[in-house]
Every structure is written in structure tokens, then in C-alpha cells.
1. Restricting attention to the stretch 24-52, which residues are of a type in the set (V, I, T) and within 16 Å of the ligand (Cβ to nearest atom)?
2. Output yes when any residue across the stretch 2-16 is of a type in the set (K, R), without any contact (Cβ under 8 Å) to a residue 12 or more places away in the chain and part of a loop (DSSP other than H, G, I, E, B), and no when none is.
3. So, in the stretch 172-216, exactly how many residues are farther than 27 Å from F372 by Cβ and not in a loop (DSSP other than H, G, I, E, B)?
4. Yes or no: the stretch 98-115 includes at least one residue that is away from the ligand (no atom under 16 Å from the Cβ) and more than 30 Å from D182 (Cβ to Cβ).
5. Name the pairs whose Cβ atoms lie under 8 Å apart, with the first residue in the stretch 69-93 and in contact (Cβ under 8 Å) with a residue 40 or more places away in the chain, the second of a type in the set (D, E) and in a loop (DSSP other than H, G, I, E, B), and 6 or more positions between them or separate chains?
6. Which is within 21 Å of M261 (Cα to Cα), under 24 Å from the mean Cα position of the chain (by Cα), of a type in the set (V, I, T) and surrounded by fewer than 18 Cβ atoms within 10 Å (Cβ to Cβ), of V46, V75, V62, V25?
7. What do you reckon, is D204 closer than 24 Å to W125 by Cα, surrounded by fewer than 20 Cβ atoms within 10 Å (Cβ to Cβ) and modelled with pLDDT of 95 or more?
Amino acid sequence: MKTTQELIAASAKYLANTYARFPIVLVKGQGVRLWDSDGKEYLDFVGGIAVDALGHCHPRMVEAIRAQADSLIHVSNLYHIEPQIRLGKLLCEHSFADRAFFCNSGAEANEAAIKLARKWAKDHWSTDRFEIIVMHHSFHGRTLATVTATGNEKYWHGFEPLMPGFKHVPYNNLQAVERAIDSHTCAVLAEPVQGEGGVNVPGDDYLPGLRRLCDQAGILLILDEVQSGMGRTGKLFAYEHWGVEPDIMTLAKALAGGIPMGAMLAREAVAASFVPGTHASTFGGTPFVSAVAHAVVSTIIQEDLPGNAARVGKYFLDRLAALKEKQRVVTAVRGKGLILGLEVSVPARTIVAGCMERGLLVLTAGDNVVRFVPPLIVTEADVDRAVAILEGALKGLS
Ligand SMILES: *Cc1c(COP(=O)(O)O)cnc(C)c1O
């Protein structure tokens, strides 16, 4: 396996066929740049799908990895873990939350949130209060419970029977939530900004409205900030834009900057329903991943990367809006901070391929939205280069 063609052939032969991969092999990264196995350079506006918040091989992250690898990589949660304690404190001090549970992915963080909401409802209400209201076009993961919560039938097919206890309603529609809440409801679960479902930003009354409906019914508001959290939208957590706080929040993607980690954060009265024995994870919050996450989160806060996401994101959104005026295939432009979407009247994948050929990595969000989730360290100059390449790809269509 020396050439790119040999590697791709082996990939097709030995790996589960779960991804429609593009025919390149990425082998090196630095900042917002990547190189493939043939030495071609790319500007990375995918960032491992909103994961590589600090870009590739950021010195503070590399240093944290080296230092922790030299002292302690893994011990069980049977014992207190110093980096995990520091990380929990940092996240709680910068959010609504009082306690954190660590796991390894977004789906797992949402599993923990679903279990905690059900347990809380059993503790405070009754055994028949277990339903969670979830949104159309949402994405919460690929485990059986989280794929059921996900509001997109295409992820369900072949896996039935799905998990009981989820009720799907349209996103950004408070009346639908109000109608759906009944004596079986224990929580409402939503993304503050939908990522996979097409980069959908709700109206300004939506999150405050969800908070009010949950308070009136005495049920929990769970926000899935797996993609929108860690500075992505221009605030450390997206809920801060709307002046409301959830009862439970889930995080993953950018949390440890590319080392796998998920987290479920909750306020005290809700977290109290988890006691020794109710939930656990072998790898959750190991010394290694916790130390890396602490370095990543500290860097995001100290270098005001949410501020950079807001500023550069606004500049990027304006440039995309200008592009929409010139290019007829662009039908809408939307997003917040550095999660932006370009709705197009052709298959979005053709534009993604056109950009890749020209040295820019972007991805889709559904069939007709091109999504941009670059590292949070991206600059206006990087955006200028990306927009020039994107414009070339759009022109190349006709
Ligand atoms: C990516 C994502 C998930 C799933 O995370 P995994 O780490 O792939 O399990 C869940 N929720 C949202 C909003 C996501 O964007």
C-alpha cells in the first residue's frame, strides 16, 4: 500500500462500507490547511465536522497531549482523576451547569441526557412520564435511542423497532411543542442551531418559548450543543444568544479538539438523579482526554475564539450573501458565527466536489445545503480565499 490508489482500494476492501468517501487520503494538517497523500494542499472549512476548533496540530493541544502522555493516560473512574476534576470545574464555571458527566461521543452524551431525564421524571413525577419531544430535521446520533430521537426517517430504515418514548414535532414551532406536551412528557430536546439538518437558526422567540413551556409543564429542557457549543456560533454556548438556560446540555465534537470526548452537563437538582451505579463509561473522562480537553477549552476561552467566530462569521456571512446576488444557483444563505449554510438549487455534493478539486474542503448539510464549519481560528483572509474558490466552483457548474 504505497500509492493513493492502493490505499483507496484497500479502504474499499477492508473497511465497513458506511461512508461515501471522497477519493483522497488526508495525511497532514497545520492550522486551517491540510495535505493529501499526493501532496495537494487544501483549505479546511470542514474541520473534521466542527471538531478541529483550534485547527490542526495547535501548539497548546500538541503540548497537552505530549505532557499527559508522559504522566498518565488511563485509569478507571473507580478513582478520582485530576484532569477530569479540573475540566468539570472549568465547564461548570463557564456555563449554567453544576455537574458534568464525561463520555466519548455526541451520541453517548445524548444517551446520558435521555437516561437522566427519564430517571429524574421517575424520581419526581411518576413511572409513566418518560416521553421526550424532539424536532424534525434534528440530529442526535446513531445509537438506537439517539437515532430514534433524530428527526429524519432516512436514518431509521432497517433498524426498526425504534425506541419507544419520542414524539417528533416541527422545528422552530412553539405551538407544535405546546400541543405535544402531555402527562407522559418528561423533557424537550432540541439543538439551539440545527447542524446536520440544514444549518437552521430558529427565531429569537424559540429558545425562550421552549424554556417557558418546559417551566409551565414542570419538565426538562435538554439542549444538544454537540455541534453548536464550544464557541462555534459566536458564544461559548449557543443558548447564551437567547438569554435562557437549559436543565441539561450535551457537548462533544470540539470539546477536546479532535480527541474523542462527549459530556453531559446538568444543574444540581437534575444531576442529583444520577447516583453511584446509575450510569458509567469505561473511557469517560480519562486523564489523557480530560487534559487535552482542558487545554482546548482554556484556549477557546483565553483567546476569545467565540469572539473570532462571531466577527469572522459575520464577515463570511456577508460575503456569502453577496455571492447569492451574483449566482442564481444560490437560493439562501444562513447561519450563526462559524456554522454557515449555502442553500443551492443543485445537489450540494456537486459543489462540495467542485471546491475539493480547487483546494477547498466544505461539506453538505442535507441534499441541498453546502455547510461551512471551519476551525474557530480562521481569519478574514482565509474566508476571502474560500469564497474565491467557492465562486469558481459555482461558475464551473454552468
Ligand atoms: C454530530 C452530532 C451528534 C452525534 O455525535 P457523534 O459523536 O457522532 O455521536 C449529536 N448531536 C449533534 C447536534 C451533532 O451535530
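1. Correct list: V46, I49, V51.
2. yes
3. Here the count works out to 19.
4. Yes - at least one qualifying residue is present in the stretch 98-115.
5. Listed by first residue and then by second, the contacts come to C92/D98.
6. Selected residue: V62, the only one of V46, V75, V62, V25 that is within 21 Å of M261 (Cα to Cα), under 24 Å from the mean Cα position of the chain (by Cα), of a type in the set (V, I, T) and surrounded by fewer than 18 Cβ atoms within 10 Å (Cβ to Cβ).
7. Against the criterion (closer than 24 Å to W125 by Cα, surrounded by fewer than 20 Cβ atoms within 10 Å (Cβ to Cβ) and modelled with pLDDT of 95 or more), D204 does not qualify.
Each row is one residue, and each column tells you yes or no for (1) closer than 30 Å to E82 by Cα; (2) aliphatic (A, V, I, L, M).
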| residue | (1), (2) |
| --- | --- |
| E303 | yes, no |
| F316 | no, no |
| L363 | no, yes |
| F372 | no, no |
| I389 | no, yes |
| L397 | no, yes |
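The values are calculated or read from the model by the stated rules, or taken from the named source; none is laboratory data. This structure is a prediction, so every number in the text was calculated from the model and none was measured. In this analysis, Cβ positions are derived from the backbone assuming ideal geometry, glycine residues included, and neighbour counts consider all displayed protein chains.
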